[in-house]
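Here's the structure we're looking at; comments come further down.
The values are calculated or read from the model by the stated rules, or taken from the named source; none is laboratory data. Predicted model only: the values in this text are computed from it and were never measured. With ideal geometry, Cβ positions are generated from the backbone for all residues, glycine too; neighbour counts draw on all protein chains shown.
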Ligand SMILES: C[S@@+](CC[C@H](N)C(=O)[O-])C[C@H]1O[C@@H](n2cnc3c(N)ncnc32)[C@H](O)[C@@H]1O
């Protein structure tokens, strides 16, 4: 896939499992079971990017924010001779991935964040899908510094992550829902942990940490969900406002998601009952490590 600013669009038809979405998440912590059930969309995006990575013979790959191991599995398939280390700070995610790869000698899983992992031996490639926007802004330079330290000279960094949805129907629906009198009070203490970068901001940070950028840009990620319920389940596992609500009360969570989905249908001018479309920009950066920092 070629990445150009705001140009490449992919249409993916998803067949999501219809399973109860309400898990037992805590504030901003990950529920690996729920993610495994409803995170297929992230998997398809990672697959599209991984299939376009160079054919080089890589022997060591680091998957930063490996989650349940979906991206790790895609890397193992793409590079059958490589060993893959997955790191993730979430115990729930690491437990899930450990179970998944318990018999696979090519995989090593470690409970670390990007900011605190230093490997004994450098990697040929560092890959990260849908994880870097969860790193606090002040920690990002350290995370990238460590990623650089963990890469051999000339090694590849490939990352894909969410970007701001400002101007898109979903953000309008979210803003409308958050300003609803019913929810204003509930969110008074909430702080969204996600950090979104523009292409220029992220280019700047990468260059400062000694990376040479091969490609950087957004692609417009357009998908069709079979129903509003499938879209709701997918949104429910990453939207931090909804994860915050799960720990407040099951009733408030349900009410919030009902209103949010209703507002989304209105803002995106869609009629309920038919397949539901979704669109967002995703930031992709491919870079090479050039200097030791
Ligand atoms: C949306 S999941 C993506 C999982 C997987 N890469 C995939 O594509 O399915 C985001 C993951 O990022 C992890 N994460 C959050 N903060 C992180 C950090 N500072 N360093 C590394 N991973 C982090 C979370 O624990 C979570 O498992």
Here's a check for you: in region 2-25, which residue that is surrounded by 13 or more Cβ atoms within 10 Å (Cβ to Cβ) and part of a loop (DSSP other than H, G, I, E, B) is modelled with the highest pLDDT? 3
Could you list, in sequence order, all residues of region 32-69 that are crowded, with 24+ Cβ neighbours inside 10 Å and without any contact (Cβ under 8 Å) to a residue 40 or more places away in the chain? 68
Looking at region 70-105, which of its residues are crowded, with 16+ Cβ neighbours inside 10 Å, in a loop (DSSP other than H, G, I, E, B) and more than 8 Å from the ligand (Cβ to nearest atom)? 79, 82, 101
Selection within region 116-126 - over 22 Å from residue 47 (Cα atoms) and either buried (at least 18 other Cβ atoms within 10 Å of the Cβ) or touching a residue at least 40 places away in the same chain (Cβ under 8 Å) (or both): 117, 119, 121, 122
Only listed residue being on the phi < 0 side of the Ramachandran plot, under 21 Å from the mean Cα position of the chain (by Cα) and part of a loop (DSSP other than H, G, I, E, B), chosen from 170, 190, 161: 190
Residue match in region 122-136 (condition: within 13 Å of the ligand (Cβ to nearest atom) and at positive phi): yes
Residue by residue through region 106-118, note down the ones that are within 14 Å of the ligand (Cβ to nearest atom), part of a loop (DSSP other than H, G, I, E, B) and over 23 Å from residue 283 (Cα atoms). 111, 112, 116, 117, 118
Out of the residues in region 145-168 that are more than 16 Å from residue 42 (Cα to Cα) and within 11 Å of the ligand (Cβ to nearest atom), state the one that is surrounded by the most Cβ atoms within 10 Å (Cβ to Cβ). 147
Can you list residue pairs whose Cβ atoms sit under 9 Å apart, with the first residue in region 87-103 being touching a residue at least 24 places away in the same chain (Cβ under 8 Å) and the second being away from the ligand (no atom under 13 Å from the Cβ) and not in a loop (DSSP other than H, G, I, E, B)? Count only pairs 6 or more apart in sequence or on different chains. 97/107; 100/107; 101/76; 101/107; 101/108
So residue 273 clears everything in (1) more than 16 Å from the ligand (Cβ to nearest atom); (2) touching a residue at least 60 places away in the same chain (Cβ under 8 Å); (3) surrounded by fewer than 19 Cβ atoms within 10 Å (Cβ to Cβ) except one condition, right? Which one? (2)
Only one of (1) assigned to a strand (DSSP E or B); (2) touching a helix residue (DSSP H, G or I) at 6+ places or on another chain (Cβ under 8 Å) is not met by residue 286, so which one is it? (2)
Please enumerate the residues belonging to region 54-69 that are assigned to a loop (DSSP other than H, G, I, E, B), over 19 Å from residue 162 (Cβ atoms) and within 18 Å of the chain's Cα centre (by Cα). 69
Kindly indicate which of 129, 113, 139 is within 20 Å of the chain's Cα centre (by Cα), surrounded by fewer than 23 Cβ atoms within 10 Å (Cβ to Cβ) and farther than 20 Å from residue 207 by Cβ. 113
